[in-house]
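Peer 1: Mind having a look at this structure? Questions to follow.
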Amino acid sequence: MNHVLIKKYDPLKKEMLEILDKDGKIINPTLDPKLDKETLLKMYKTMTLGRVANLRAVQYQRQGRMLTFAPNIGQEATQVGAAAAMQQGDWLSPAFRELNLMLYRGVPLSNIYLYWYGNENGSKFPRETNVLPVNIIIGSQIAIAAGIAMASKKQGKNEIALATIGDGGTSHGDFNEALNFAGAMEAPLVVLVQNNQWAISTPRSVATKAETIAQKAIAAGIKGIQVDGNDPLAMYVAMKEAREHALKTGPVLIEAITYRIGAHTTSDDPSLYRDEKEVEEWKLKDPNERLKKYLISQKLWSEEEDAALDEENNKYVQEVFAETEKSGLLELEEVFKYTYDEMTPNQVEQYEYYKKFLEGSK
């Protein structure tokens, strides 16, 4: 593999990788990955489930039934396209807006809802998914992924680590330190920057003077590529090549150009700082509609099947949340017992003190 895309789409040339346009038409046939029906439908079904789960989560939060939630409506293709190109043993070190990526990697929706509900059992993902818990500390997930990538390399495993971050997060020190370390060590790391144009209320143009975020890879001595993040096929192709490059040569930074249709979190009101015209323009580039049109044009899907899927998704999401609301409160001992695989001496001491305190209060 000559990694021609990474060479061709030089960040300094400001060229963006695109395959599928907003109308669901192939505009770069030589790069069409020609994915099989099963993969394409898995991608679409994950994107649509993620969309419904997002919309419902916002409703539940507004009803006072869920804690703060970070919607990712509009970013489905960025995440699912990348996830589809990963292999079973690969690792994901996420931030907090990766619902679709987690779903594709096999994390149950019940886990994700439990987490945002405030139940830490939601962070106990199935081990076989190789997905780390949600990371709220912006930028630290990149360093964690770099460490995992280094461990995989030293163990001779054919695995990469994928770390995700937003455009605003690339201005944090942890991001740059992790890129530098991973680059110097030639770690099999891929960093996916979801450039959704806004770091809460700070526009991307104010957060950094870099003309592209992909070019931030250059200072670290690694490869960078800019991709249409609303194009699931382009994301698949970019991630597939980035993975191969990372295993052989070292880290790759993917900048996915996308848009955060909703609020930063349910604690945010984007109407205070964002022009609604901008939002409407990006809605015309809806990644879910784009893939749907493509599937229908290829006779792999129909409007009737789509309506049935929407009904199925809504029913499933409501059932999952109904179970979430039955989860109850966690015992405080969870703090001691499950922070590490085994409690540290300090935790044992604190836990014993806690038990005596409980006994004394009875």
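Peer 1: Criterion first (surrounded by fewer than 20 Cβ atoms within 10 Å (Cβ to Cβ), modelled with pLDDT of 95 or more, on the phi < 0 side of the Ramachandran plot and in contact with a strand residue (DSSP E or B) (Cβ under 9 Å, 6 or more places away or on another chain)) does ASP32 satisfy it?
Peer 2: Working: surrounded by fewer than 20 Cβ atoms within 10 Å (Cβ to Cβ): yes; modelled with pLDDT of 95 or more: yes; on the phi < 0 side of the Ramachandran plot: yes; in contact with a strand residue (DSSP E or B) (Cβ under 9 Å, 6 or more places away or on another chain): yes.
Judged against the criteria, ASP32 is a match.
Here is a yes/no grid of residues against (1) in contact with a Phe, Trp or Tyr (Cβ under 7 Å, 6 or more places away or on another chain); (2) under 30 Å from PRO203 (Cα atoms); (3) open to solvent by 40 Å² or more (accessible area, probe 1.4 Å):
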residue: GLU280; (1), (2), (3): no, yes, yes
residue: LYS285; (1), (2), (3): no, yes, yes
residue: ALA308; (1), (2), (3): no, no, yes
residue: PHE336; (1), (2), (3): yes, no, no
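Peer 1: Could you list all residues from the stretch 168-201 that are hydroxyl-bearing (Ser, Thr, Tyr) and under 16 Å from the mean Cα position of the chain (by Cα)?
Peer 2: THR170
Peer 1: Do we have THR170 as open to solvent by less than 60 Å² (accessible area, probe 1.4 Å), part of a strand (DSSP E or B) and among the polar types (S, T, N, Q) here?
Peer 2: no
Peer 1: Mind checking which residues of the stretch 148-174 are at negative phi and free of Cβ contacts under 8 Å to residues at least 12 places away in the same chain? Steps first, answer last, please.
Peer 2: Step one: list which residues in the stretch 148-174 are at negative phi, which gives 148-155, 157-174.
Listed by number, the residues that qualify are ALA151, LYS154, GLN155.
Peer 1: Can you give me the number of residues within the stretch 140-167 that are under 16 Å from the mean Cα position of the chain (by Cα) and surrounded by 22 or more Cβ atoms within 10 Å (Cβ to Cβ)?
Peer 2: 11
Peer 1: Moving on. Identify the residue in the stretch 7-29 that is touching a helix residue (DSSP H, G or I) at 6+ places or on another chain (Cβ under 6 Å) and open to solvent by less than 30 Å² (accessible area, probe 1.4 Å) and, among all such residues, is farthest from THR212 (Cα to Cα).
Peer 2: Selected residue: GLY24.
Let's see how each residue does on (1) open to solvent by 30 Å² or more (accessible area, probe 1.4 Å); (2) more than 19 Å from THR266 (Cβ to Cβ); (3) at pLDDT below 95; (4) hydrophobic (A, V, I, L, M, F, W, C):
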residue	(1), (2), (3), (4)
ALA85	no, yes, no, yes
SER93	no, yes, no, no
ASN100	no, no, no, no
LEU103	no, yes, no, yes
SER110	yes, yes, no, no
LEU114	yes, no, no, yes
ASN119	no, no, yes, no
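Peer 1: Name the residues in the stretch 209-230 that are assigned to a loop (DSSP other than H, G, I, E, B) and closer than 30 Å to THR48 by Cβ, would you?
Peer 2: Kept after step one, since they are assigned to a loop (DSSP other than H, G, I, E, B), are these residues of the stretch 209-230: 209-215, 220-222, 229-230.
Within the stretch 209-230, ILE213, ALA214, GLY229, ASN230 qualify.
Peer 1: Among the residues of the stretch 60-72, are any of a type outside the set (D, E, K, R), farther than 30 Å from ASP21 by Cα, open to solvent by 10 Å² or more (accessible area, probe 1.4 Å) and in contact with a Leu (Cβ under 9 Å, 6 or more places away or on another chain)?
Peer 2: So far as the stretch 60-72 goes, yes, one or more of its residues are of a type outside the set (D, E, K, R), farther than 30 Å from ASP21 by Cα, open to solvent by 10 Å² or more (accessible area, probe 1.4 Å) and in contact with a Leu (Cβ under 9 Å, 6 or more places away or on another chain).
Peer 1: Six or more apart or on different chains, Cβ under 7 Å: which pairs go from a residue in the stretch 218-241 that's open to solvent by less than 10 Å² (accessible area, probe 1.4 Å) to one that's of a type in the set (Ser, Thr, Tyr) and not in a loop (DSSP other than H, G, I, E, B)? Could you list them?
Peer 2: GLY229/THR78; MET235/THR78
Peer 1: Residues to consider are ILE165, ILE218; find the one that is within 20 Å of LYS14 (Cβ to Cβ) and touching a Leu at 6+ places or on another chain (Cβ under 9 Å).
Peer 2: ILE218
Peer 1: Mind checking which residues of the stretch 263-278 are crowded, with 16+ Cβ neighbours inside 10 Å and more than 22 Å from GLN79 (Cα to Cα)?
Peer 2: Answer for the stretch 263-278, where residues must be crowded, with 16+ Cβ neighbours inside 10 Å and more than 22 Å from GLN79 (Cα to Cα): ASP268, PRO270, ARG274.
The values are calculated or read from the model by the stated rules, or taken from the named source; none is laboratory data. What you see is a predicted model; the values in this text were computed from it and never measured. All Cβ positions, even for glycine, are placed from backbone atoms using ideal geometry, and neighbour counts span all protein chains on display. When the accessible area is computed, the model is the full protein with side chains, heavy atoms only, and any ligands, DNA or RNA have been set aside. Shrake-Rupley method; radii C 1.70, N 1.55, O 1.52, S 1.80 Å.
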